[in-house]
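Note sheet for the following structure.
The values are calculated or read from the model by the stated rules, or taken from the named source; none is laboratory data. The shown structure was predicted, so the numbers you read here are calculated from the model rather than taken from an experiment. All Cβ positions, even for glycine, are placed from backbone atoms using ideal geometry, and neighbour counts span all protein chains on display. Keep in mind that these areas ignore ligands, DNA and RNA; they rest on the heavy atoms of the full protein, side chains included. Shrake-Rupley method; radii C 1.70, N 1.55, O 1.52, S 1.80 Å.
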Amino acid sequence: MALTLKSGFSFDYDNLFGEGKVTQADIDGYKETLAKAHEAMKVMRDTGFIKAHLSKDGAPEKVYFSKLPYITEENGKLNLNSPASIKRLHDFTEKIRNNVDAVVSLGIGGSFLGNKVLFDIFCGEFWNTWTPEQRKGLPKVYFSGQNIDPRRTGDIINHLKAMAAKKDGKFKVMLICISKSGGTLDTMSNFMVMLDALKKDENIDVEIVAVTDPNMEKKTLLKQIAVDNGWECFAVPDGVGGRFTVFCEVGLSTAAVIGMDIEAFLQGAQDMDKACQNEDVFQNPAMLNAALKVLAYKKYGRNIEVMMPYGDYLKSLSEWYIQLLAESLGKQFDKEGNEVCEGRTPLVAVGTTDMHSQTQQHQEGTLDKVVQFIKVDKWANDLVIPNIFPTVKKLADISGLPMSAALEVARQSNADALKSNKRFNACFTLPELNEYHLGELMYLLAMSVAYEGELLNVDAFNQPGVEAYKRIMGPKLQELKAKG
Ligand code: PA5
């Protein structure tokens, strides 16, 4: 059983639905709840309203992520994607091309994870070792701010300085500092350390771009410094929480730096949004995914989702999803304020790598998981396994196979084995790993957690739990500083 869209994107839920799994009767019994959730999504799309959603400051806040796939003048008024904002991103690409040697993108959580997905998938591991011609004049790209790790920050600085020392003429570094709140410790500490060190190097020219809340009345710290120093700014719009920002200028600034097809990415998201407007649960990818996963959790105790794409460069997609699911649904209180301690727990895995580590637990361990595979149908630059040891039967037997076919046989075998032992699993298939299909998948997952929030009756758009440690950390840092 699979839900396949016109684009070829599909959700195969055969190993999650049917006898001994989530049943038709389960779905039928859930009809009213699903209809209510679907209605809530309609209202969210039309007005931005989500019942009981409050901002960090306790004020009612609109939710606008579902507007991001649409490039309209009207959305521009809300700092969402508009023809002008997309043009500005294209201009940004051309401004950087053949001009900036290296970009460091600084951010954490929602200001990092989606950007890393785009970089990993469209640039791969060796982008920074390529010549400028191979990168079509676009810069090397580094990420920082996603930890407060002195060793790695020092390594990046030293690496940039070493490259600068070798260059004839100034080495141009662009720091893109991304923080919606504009004051996050992890991001800002790295930013300050890096800016200070690079400015002191006579071989380096530094340019800074800030991506933050654009509000001019109540400026974030980053916005204030950016305005004071005349830095170029991009916006993290109101109503778009960190984990949904890959579709706004947070993710799209990285997309521009690497010359990605931004319109195709948003078009994929838009077409998925349209598919998710279908009121028939079996025709609506997000509602179906959310319904099956919530029922698997509530009725069959499958409260862990292992996100397991097959392919190295998809690992960061799994990491992005971890934040999306964990921050959206791991909630102590429901929308009425009752203590519920809700939410499924996400886990990162990658095929085939983790078949040699985690699969033992998936196959025989606690019956608490749904393994969600992601498969790419057609790989660019596929390689065929050659017959270079014809006398070694085991190796000769696999020769002639494209590596992608071997990868898929491994995934399918894993799915079959899990199925044979009552282990729930499902698969998203991307016809190709391109901007359009990635947009479809990321948007589907974002919309799924929005549905799941409604099904579980929790606010999927706040994250009060992350304030708890921040309240402890702030005074501790001040205390430390006071001690000298
Ligand atoms: O999803 C979220 O809201 C968080 O993960 C934030 O993105 C993260 O804490 C970074 O926040 P900021 O962009 O304000 O620096």
Within 10 Å, count the other beta carbons around each residue, average over each peptide in 415-423, 213-221, 427-435, and list them highest first. 427-435, 415-423, 213-221
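Would you work out if the range 235-277 is rounded, prolate or oblate? Take a ≥ b ≥ c from the square roots of the eigenvalues of the alpha-carbon gyration tensor; rounded if a/c is under 1.5, else prolate when a/b is larger than b/c, oblate otherwise. Present the calculation step by step, with values, prior to reporting the outcome.
Numbers: a/c = 3.01, a/b = 1.17, b/c = 2.58.
The shape class here is oblate.
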Packing-wise, with mean Cβ within 10 Å as the measure, how do 361-367, 289-295, 235-241, 332-338 rank, highest first? 289-295, 235-241, 361-367, 332-338
Give me the lysines in straight-line cross-link reach of Lys87: C-alpha distance below 19 Å, same-chain residues under 8 apart excluded. Lys67, Lys77, Lys95
Give a residue-ordered list of calculated ³J(HN,Hα) values for the range 56-68 (Karplus: 6.51 cos²θ - 1.76 cosθ + 1.60, θ = phi - 60°; whole Hz; x for Gly, Pro). 4, 8, x, 9, x, 9, 6, 10, 10, 4, 6, 8, 4
Here the convex hull volume per residue of the chain, taken over Cα atoms and given in Å³, is 176 Å³
Residues whose placed amide H lies under 5 Å from that of Glu432, excluding near-sequence neighbours: Asp377, Lys378
Accessible surface of the range 426-484 [probe 1.4 Å, protein heavy atoms]: carbon and sulfur percent: 57 percent
Can you show me the helix-derived [θ] at 222 nm for the chain, built from DSSP H runs with n ≥ 4 at -39,500 (n - 2.57) apiece and divided by the number of residues, rounded to the nearest 500. -14000 deg cm²/dmol
Relative contact order [Cα under 8 Å, 6+ residues apart], the chain, whole percent: 19 percent
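Work out the FRET efficiency for Val409 and Asp168 from their Cβ-Cβ distance, taking R0 = 56 Å, and round it to the nearest 0.05. Walk me through the numbers on the way to the answer.
Values: r = 51 Å, r/R0 = 0.91.
Working from the Cβ atoms, E equals 0.65.
Express the accessible area of the range 81-236 per residue in Å², computed with a 1.4 Å probe while the remaining protein chains stay in the model.
Per residue, the range 81-236 has 46 Å² of solvent-accessible surface.
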Any chance you could check the Cα centroid distance between the range 386-426 and the range 29-46 for me, in angstrom? 41 Å
Quantify how much of the Cα-Cα distance distribution of the range 81-236 extends past 18 Å, in percent. 60 percent
Surface share of carbon and sulfur [accessible, 1.4 angstrom probe, percent] for the range 118-206: 53 percent
Once you wrap a convex hull around the alpha carbon atoms of the range 177-246, what is its projected area averaged over all directions, in nm²? 5.1 nm²
How much accessible area per residue does the range 345-481 have, counting only protein heavy atoms and a probe of 1.4 Å, in square angstrom? 51 Å²
Between the range 208-242 and the range 303-382, what is the separation of their alpha carbon centroids in Å? 33 Å
Longer than 18 Å from Cα to Cα, which of Lys298/Lys331; Lys21/Lys422; Lys31/Lys419; Lys218/Lys331; Lys274/Lys378 are they? Say none if no pair is. Lys31/Lys419; Lys218/Lys331; Lys274/Lys378
Using a 1.4 angstrom probe on heavy atoms only, work out the carbon and sulfur share of the accessible area of the range 356-405 in %. 62 percent
In whole Hz, with x marking every Gly and Pro, tabulate ³J(HN,Hα) for the range 246-262 from phi via Karplus 6.51 cos²θ - 1.76 cosθ + 1.60, θ = phi - 60°. 4, 8, 10, 5, 4, x, 6, 5, 5, 4, 5, 4, 9, x, 6, 7, 5
State whether the range 73-112 is rounded, prolate or oblate according to the following rule on the C-alpha gyration tensor (a ≥ b ≥ c being the square roots of its eigenvalues): a/c under 1.5 gives rounded; otherwise a/b larger than b/c gives prolate, and the remaining case gives oblate. oblate
If packing is taken as the average number of other Cβ atoms within 10 Å across a peptide's residues, how do 174-180, 314-320, 80-86 rank, most packed first? 174-180, 314-320, 80-86
